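Report on one structure; see the data block that follows.
The values are calculated or read from the model by the stated rules, or taken from the named source; none is laboratory data. Treat the numbers as computed from the prediction; the structure is a model and nothing was measured. FYI the Cβ positions are ideal-geometry reconstructions off the backbone, even for glycines, and counts take in every protein chain you see.
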Amino acid sequence: MSTATLPDVDTRPEGTESTEDDRPEVFHYVKKNKIAESAVMGTHVVALCGEVFPVTKSAKPGSPVCPDCKKIFENLPPGGDE
């Protein structure tokens, strides 16, 4: 089984993992156009790292980012506005 990352991914970090007090531990990068749909409809999104989850929280500046998502995002070619 292989996994491919699309080069035209618009991303924004979203939280999935929670601590005991329900604060996200890390935020993941997901397709930008899927964030609102997930937040409203409860559908699941797929992060760059492969994590699948419904969007429930928004990242704030300085929030910790999933290291796998960050590494993949940094290696994507520039662009993605198609």
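Filtered by the rule that a residue be closer than 18 Å to P67 by Cβ, among the charged types (D, E, K, R) and at pLDDT 90 or above, the range 1-56 gives a lone residue, E51. Inside the range 52-69, residues that are basic (K, R) and assigned to a strand (DSSP E or B) make up a count of 0. Give the residue that is nearest to the chain's Cα centre (by Cα), with candidates limited to residues of the range 33-51 that are in a helix (DSSP H, G or I) and of a type in the set (D, E, K, R). So, considering only residues that are in a helix (DSSP H, G or I) and of a type in the set (D, E, K, R), the one nearest to the chain's Cα centre (by Cα) is K34.
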